[in-house]
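Scroll down for the structure; my scribbles are underneath it.
Values in this text are rule-based calculations from the coordinates and carry no lab data. It should be emphasised that the depicted structure is a prediction, and the values quoted were computed from it without experimental measurement. For neighbour counting, all protein chains shown are included, and Cβ atoms are generated from backbone atoms with ideal geometry for every residue, glycine included.
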Amino acid sequence: MKEYICIICPRGCHLTVDEENNYAVTGNGCLRGEAYGREEAMHPTRVVTSSVRVRSRKHPRCPVKTDIAIAKSDIWKAMHLLDDVELVPPVHRGDIVIASLFGGEANFIATRDIDK
Ligand code: SF4
């Protein structure tokens, strides 16, 4: 059994997921919580936020995030890829900072504009 707090809405239902019973979810107040609990137990994912260096005296860091959620188990590996990144202004919100993480669909993108 695994236990989670559903983060889909403010009610915060306490979910229990039974991996040995086809990932049956109990404690959920609605079907969205059932899907969340099952996904969290079988394949947890997160949108990752961080920052990277910028060749700029005024704005030495630029916030970035993944444009879709990635596997929770890949988060630290993904964060390490950012260590080698240095952006050169101008940077535009939505610019791809690292494309196709691990050959997949997720990209790291800039989340602010930096002119210089
Ligand atoms: S299970 Fe449904 S009601 Fe409960 S926190 Fe999740 S979304 Fe909200």
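Points worth noting:
- Residues of segment 31-74 with amide N under 12 Å of the 7 Å Cα→Cβ point at Tyr23: 34-45
- Qualifying lysines (Cα of each under 22 Å from Cα of Lys65; at least 8 residues distant if same chain): Lys77, Lys116
- Ranking of Cys13, Cys30, Cys62 by count of other Cβ atoms within 10 Å, fewest first: Cys30, Cys13, Cys62
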